[in-house]
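The values are calculated or read from the model by the stated rules, or taken from the named source; none is laboratory data. What you are looking at is a predicted structure, and each value in this text was computed from that prediction instead of being measured. Cβ coordinates were reconstructed from backbone atoms using ideal geometry, including for glycine residues, and neighbour counts include every protein chain displayed. Note: accessible area is taken over every heavy atom of the protein model, side chains too, but ligands, DNA and RNA are not part of it. Shrake-Rupley method; radii C 1.70, N 1.55, O 1.52, S 1.80 Å.
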Amino acid sequence: MTEFLNFIAATKAKRTCDFYSHHLKIILDYFKNNDLEFNSSSLVKFVLYQKQKGLNENTIGYRIMCLKKYLEFMNIESDIKDFPVLKNNDFCPDFLDPIEIKELIKHVQSSNISLENKLIIFLVLETGVRLNELRFIKCSNIDLLNRKILLEVTKTRKKRTVFFSDLSYSILKDYDLSSEYLINKTCSGIQKVFFRLRDKLGYDKLSPHLLRHTYSTLLIRNGASILLVNKTLGHTSIKTTMRYIHIMTDEFKKEYDQYFKV
């Protein structure tokens, strides 16, 4: 396992390495502790065990994927390579409703939190950037005139451009952009900004990823094209973006009931 993780550490981002380390350890420990061979029959036992613990198909699927990569790297022959992909098709992300969004904006604007913390909240809301992408935004890549930012560090390792509006601009126009990076916080430090704000507002959840989902649903709710959502979120597949259409079904039904009259 160490040799494989060293390879991942050398070729992938740190977060990817942490992902493999976490999931692979769990599945390898199960095989070892139960004295199981690397075959599909043993893997079925692992899947059932994980489901009994309440884990969903996506999480179990991640662990199987890590195991497949490990076996391939170690040149271990096994029929596990043909094991079907597990996937949970129920995509129900959390996001803020319009009232909560307005409440969040009003609180951030009127509070005495630092400009950096305000910018963190507004940029994620207005651009949908991931946590690690936000952390590595370079000041030199911010175009104030056209209100756009070039992201060089992304999950897909492909550069992309995101746009911001009045909320972020109101802070950026007076912000010190002389440093290399826009945000002078670690990923953990950024998370704490959201946690403190969550407790202050009394929300059950508030995180960078929740605001990323909020960004997506706002665009779709207001009639934006799927292509815009896809490109600014940095999805590699349009199918991933289309999932946001499905979660709006209930809202579309309410709108239908309101406007369809005979």
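Side notes on the structure shown:
- Test set (1) assigned to a helix (DSSP H, G or I); (2) over 24 Å from ILE8 (Cα atoms); (3) at pLDDT below 95 - CYS92 fails condition number: (1)
- Here TYR70 fulfils each of the conditions (1) surrounded by fewer than 17 Cβ atoms within 10 Å (Cβ to Cβ); (2) assigned to a helix (DSSP H, G or I) apart from (1).
- Helices (runs of 4 or more DSSP H) contained in the stretch 175-262 and holding at least 2 residues among the basic types (Lys, Arg): 187-201, 208-221, 238-246, 249-259
- Taking the criterion of being within 13 Å of MET1 (Cα to Cα), over 27 Å from the mean Cα position of the chain (by Cα) and touching a residue at least 40 places away in the same chain (Cβ under 8 Å), the residues of the stretch 51-80 that qualify are PHE73, MET74.
- Pick from the stretch 3-36, criterion in a helix (DSSP H, G or I) and acidic (Asp, Glu), ranking: surrounded by the most Cβ atoms within 10 Å (Cβ to Cβ): ASP18
- Matching option when the condition is aliphatic (A, V, I, L, M), touching a residue at least 40 places away in the same chain (Cβ under 8 Å) and not in a strand (DSSP E or B), among LEU167, LEU145: LEU167
- Residue under evaluation LYS138, criteria (1) over 20 Å from ARG198 (Cα atoms); (2) without any contact (Cβ under 8 Å) to a residue 40 or more places away in the chain; (3) not hydrophobic (A, V, I, L, M, F, W, C), criterion not met: (2)
- Where a residue in the stretch 192-218 is over 14 Å from ILE121 (Cα atoms) and its partner, wherever it lies, is of a type outside the set (Asp, Glu), with Cβ under 6 Å and at least six apart: SER216/VAL229; SER216/TYR244; THR217/PHE95
- Index of the failed condition, ASN230 passing every other in (1) open to solvent by 30 Å² or more (accessible area, probe 1.4 Å); (2) of a type outside the set (Gly, Ala, Ser); (3) without any contact (Cβ under 8 Å) to a residue 12 or more places away in the chain: (1)
- Any hit, the stretch 37-55, residues being open to solvent by less than 30 Å² (accessible area, probe 1.4 Å), over 26 Å from LYS231 (Cβ atoms), at pLDDT below 95 and in contact with an Asp or Glu (Cβ under 6 Å, 6 or more places away or on another chain): yes
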